[in-house]
Amino acid sequence: MTSPSAALTDGREVIVVGGGQAGLAIGYLLAQQGRDFTILEAADAPAAAWRARWDSLRLFTPVRYDSLPGLAFPGDPDSYPGRHDVVAYLTDYVQRFELPVEFNSRVRSVRPRDGGFRVELADRTYEADQVVVATGPFQVPFTPAIAADLSAEVAQLHSSDYRSPSDLPPGPALVVGGGNTGFQIAAELARSREVQLAVGARQTPLPQRFLGRDLFRYLEATGLMNKTVTSRIGQRMKDRETLIGSSPRRARRQGIKILPRATGARGSTMTFADGTEVAVDAVIWATGFRLDHSFVELPVFDARGQVEHERGVTARPGLYFLGLPWQHTRGSALLGWVKDDAEFIAQRIDAFALSPAAAGAPPSPLLSGPPAR
Ligand SMILES: Cc1cc2nc3c(=O)[nH]c(=O)nc-3n(C[C@H](O)[C@H](O)[C@H](O)COP(=O)(O)OP(=O)(O)OC[C@H]3O[C@@H](n4cnc5c(N)ncnc54)[C@H](O)[C@@H]3O)c2cc1C
């Protein structure tokens, strides 16, 4: 069935969906291959995800680990950029390499077409031989159902809507979520008000720096950043989230009261796993995100809706994902390491373009890269 939106149809060898760091990294490599491609980005400017994060955010990866292929991230290699620096870097990246990013271009569906794909937007359609989905590891803000049981007088924000303490009314605040985001926002708020932090699953705290060196230098030196998701140690790392530069002990020193998991809410009272009840005026839900690939209308998902792939290569020839958390290693969704997966996918795209039949064969051991460590 042809939709009215299909009125304008254009063709490309490759369509990249999403123009964040993953989409730009693969874009750079496709440009080097001389491919006819375009990057479709829903937002109206580069680095949309970074624009939408809180003002004081400091990266946990130092400058030396923040570069995309072809362009060093500027600054002291041992310094930690703010989110504005990432916005500037990615904006420069698009301009410097004249990457073909089409803004205000949200993809509504990716569907199969004879030997290729139809990529539909509200006002136009592309036909493509190959598609890379790079729509990000943190897409749809997740808030637990108990949020709906709080009364309207309680100010509530998801962390993705939080920019600075002035977003909250004066007075005590509760932050729910014990990941890096929850700890960092709680620390910022604690400078000006009383803060409680509800921590459900405890994450392993790691120091940002140790003996004068950044954590990631140790992770690189010990080979941990190269451990693949299929290796035993990779599996363990994947299941164990880490807090970088924050810890419950440090938070307590900052005056933050740590509570256990938030289990219920009624009116303006929240209940916690140990039975404690706390009256709240303002709550920040630092409770993470969910992936949403519902626009990809191809059978490449398992029963739980997770993409079935090997290092981003799906069983549908010519369809790839890039930037998924632990797509291949811990670094897959990080600025400084996404290039490894991008290079891998770019090679597959090149092979497919040369010989679709051979490259479209089901994932082979070649896909797994170096042997599992
Ligand atoms: C709070 C926080 C702190 C982080 N700190 C660090 C750090 O210190 N160091 C580090 O390396 N990493 C960090 N990360 C992780 C990671 O680098 C970022 O999440 C990064 O934004 C991921 O890049 P991406 O390109 O994969 O996805 P995104 O940046 O999310 O880009 C995806 C793009 O796709 C677009 N899009 C989505 N759906 C569609 C559609 N249907 N059609 C068209 N476009 C679409 C979006 O508008 C977006 O621009 C952090 C993440 C968070 C949440």
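The values are calculated or read from the model by the stated rules, or taken from the named source; none is laboratory data. Keep in mind the model is a prediction, meaning the values are calculated, not measured. Here the Cβ is made from the backbone with ideal geometry for all residues, glycine too, and neighbour counts use every protein chain on show. Accessible surface areas use protein heavy atoms only, side chains included; no ligands, DNA or RNA. Shrake-Rupley method; radii C 1.70, N 1.55, O 1.52, S 1.80 Å.
Short-range pairs are left out: with C-alpha atoms under 8 Å and at least six residues apart, the relative contact order of the chain is 21 percent.
For ILE284, the shell of other residues with beta-carbons less than 11 Å away shows a net charge of -3, using +1 for Lys and Arg and -1 for Asp and Glu. For ALA145 and LYS238, a Förster radius of 25 Å and the Cβ-Cβ distance give a FRET efficiency of 0.45, rounded to the nearest 0.05.
Of the GluC sites (Glu not before Pro) found in region 103-200, those in coil by DSSP whose Cβ has at most 10 other Cβ atoms within 10 Å are GLU153.
Protein heavy-atom accessible surface, 1.4 Å probe, per residue over the chain: 47 Å².
Taking 0.36 nm per residue of separation and subtracting the current Cα-Cα distance, fully stretching the chain between GLN347 and PHE289 would add 17.8 nm.
If you take the square roots of the eigenvalues of the alpha-carbon gyration tensor of region 1-152 and sort them as a ≥ b ≥ c, do you get rounded (a/c under 1.5), prolate (a/b over b/c) or oblate? Oblate shape, in that a/c is at least 1.5 and b/c is the bigger or equal ratio. Among the chymotrypsin sites (Phe, Trp or Tyr not before Pro) in region 286-324, those placed in a DSSP loop whose Cβ has at most 16 other Cβ atoms within 10 Å are PHE295.
Straight-line reach from LYS257: which aspartates and glutamates have a Cα under 13 Å away, not including same-chain ones fewer than 8 places off? Excluding near neighbours in sequence, the set is GLU194. Comparing mean-square fluctuations of ALA187, ALA201, ALA315 from a GNM of the chain with C-alpha springs under 10 Å, the top value falls on ALA201. Per residue of the chain, what 222 nm ellipticity follows from adding -39500 (n - 2.57) for every DSSP H run with n ≥ 4, rounded to the nearest 500? Calculated at 222 nm, the ellipticity per residue is -6500 deg cm²/dmol. Distance from the alpha carbon centroid of region 48-66 to that of region 84-147 works out to 20 angstrom. Label positions at ARG249 and HIS84, each projected 7 Å from the Cα along the C-beta direction, are separated by 3.5 nm. Ordered from highest to lowest accessible area with the whole protein assembly present and a 1.4 Å probe, LYS227, LYS339, LYS238, LYS257 read as LYS257, LYS238, LYS339, LYS227. Applying both filters, DSSP loop and at most 14 other Cβ atoms within 10 Å, to the chymotrypsin sites (Phe, Trp or Tyr not before Pro) of region 119-211 gives PHE142. Summing charges over neighbours of GLY23, with a neighbour being any other residue whose Cβ is under 13 Å away from its Cβ, gives -2 when K and R count +1 and D and E count -1. Backbone geometry of region 94-106 corresponds, through the Karplus equation with coefficients 6.51, -1.76 and 1.60 at θ = phi - 60°, to 3J(HN,Hα) couplings of 4, 6, 4, 9, 6, 6, x, 9, 9, 7, 6, 10, 6 Hz, x marking Gly and Pro. Per-atom-type breakdown for region 85-124 gives carbon and sulfur 42% of the accessible area (1.4 Å probe, protein chains only). In region 1-117, Cα pairs under 8 Å separated by at least six residues give a relative contact order of 30 percent.
Solvent exposure of HIS328, expressed as accessible area, is near 20 Å², computed with a probe of 1.4 Å over the protein chains only. If both residues of a DSSP beta bridge must be in the chain, then about 40% of such bridges are antiparallel. For the chain, the longest principal axis of the alpha carbon atoms and the long axis of helix 21-33 meet at an angle near 20°.
3J(HN,Hα) along region 331-338, derived from phi through the Karplus expression 6.51 cos²θ - 1.76 cosθ + 1.60 where θ = phi - 60°, amounts to x, 3, 9, 10, 3, x, 10, 4 Hz, with x in place of Gly and Pro.
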